[in-house]
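Beneath this line is the structure, given in structure tokens, with notes to follow.
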Amino acid sequence: MAAGYCVRCPQRILAFIIWISFVIPHSAFIICAMIRCGIGYDIHRFVEGRKLVLGGVEIPHSRGLEGHSDADVLAHAIADALLGAISAGDIGQHFPDTDESIRGISSIEILKRVNELLAKKRARVVNIDATLVAEEPKFAPHVEAMRKVIADALGTSDSNISVKATTNERLGPIGRGEGIAAMAVATVEVE
């Protein structure tokens with residue numbers, strides 16, 4: 001069996017491509033898979049009078065996040081990571097905050113639309129690894145529900161979705177409890 005690989009970084013670590021092919025001698029087929037990764041980040045400030053929605057799950061809290069949509073920073077970071085993995089720009093290009101027709105849109109709906117863009121590029125989610133950064137509230141009781149909702153929106157198994165949380169050790173605006181940030185890495189396979 002012969003194997004080859006090529007790694008290239010066309011966008012300065014924001015995305016990379018790994019091409020792998022295996023040739024089985026005396027066979028009539030070649031298996032080829034292209035794996036691509038993208039990175040996403042989002043941050044929103046807390047405001048009074050809004051629900052707190054993260055990963056499509058409403059979290060009991062005294063404040064929600066400010067934004068044009070439901071301000072789900074977790075879903076936004078994942079959407080940006082997926083868009084980066086297929087070189088399709090960012091969430092602001094596809095869902096601009098100047099578009100009144102999408103005011104208040106569910107970020108899970110955004111993930112579903114991003115998944116449609118992946119399908120058009122013949123890509124599928126392999127893995128999502130995401131981290132929430134906030135001093136409060138506690139997310140652990142809601143992580144499994146978030147994983148399931150995100151997986152359903154992306155048409156994958158929740159075993160392919162990782163959601164973690166950490167604090168900012170009381171440093172900076174996140175540490176002062178002024179908002180929540182999220183970062184995500186998405187791995188996709190392109191046919």
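The values are calculated or read from the model by the stated rules, or taken from the named source; none is laboratory data. A quick note: this is a predicted structure, and the numbers were derived from the prediction, not measured. Don't worry about glycine lacking a Cβ; one is built from the backbone with ideal geometry, like all the others, and counts go over all protein chains shown. Side chains included, ligands, DNA and RNA excluded: accessible areas come from the protein's heavy atoms. Shrake-Rupley method; radii C 1.70, N 1.55, O 1.52, S 1.80 Å.
About its Cα centre, the stretch 106-191 has a charge dipole of approximately 200 debye under the convention of +1 per Lys or Arg Cβ and -1 per Asp or Glu Cβ, with nothing else charged. Carbon-plus-sulfur accessible fraction, the stretch 78-148 (probe radius 1.4 Å, protein heavy atoms only): 49%. Protein-only accessible surface at a 1.4 angstrom probe places the residues M146, M34, M183 in the order M183, M34, M146, largest first.
What Kirkwood hydrodynamic radius do you get for the stretch 113-175 when you take the inverse of the mean 1/r over all pairs of distinct Cα atoms, in Å?
Computed over Cα pairs of the stretch 113-175, the Kirkwood hydrodynamic radius comes out at 13.1 Å.
Report the calculated FRET efficiency for L171 and K121 (r = Cβ-Cβ distance, R0 = 41 Å), to the nearest 0.05. With R0 = 41 Å, the Cβ-Cβ based efficiency is 0.60. Three semi-axes describe the equivalent ellipsoid of the stretch 35-95; taken as square roots of 5 times the Cα gyration tensor eigenvalues and ordered largest first, they are 25, 11, 8 Å. For the stretch 54-167, the Kirkwood hydrodynamic radius from C-alpha pairs, put into Stokes-Einstein at 37 °C and a viscosity of 0.692 mPa s, yields a diffusion coefficient of 228 µm² per second. Rounded to the nearest 0.05, the FRET efficiency derived from the C-beta distance between E189 and E144 at R0 = 22 Å is 0.30.
Rolling a 1.4 Å probe over the protein chains gives R124 an accessible area of about 130 Å².
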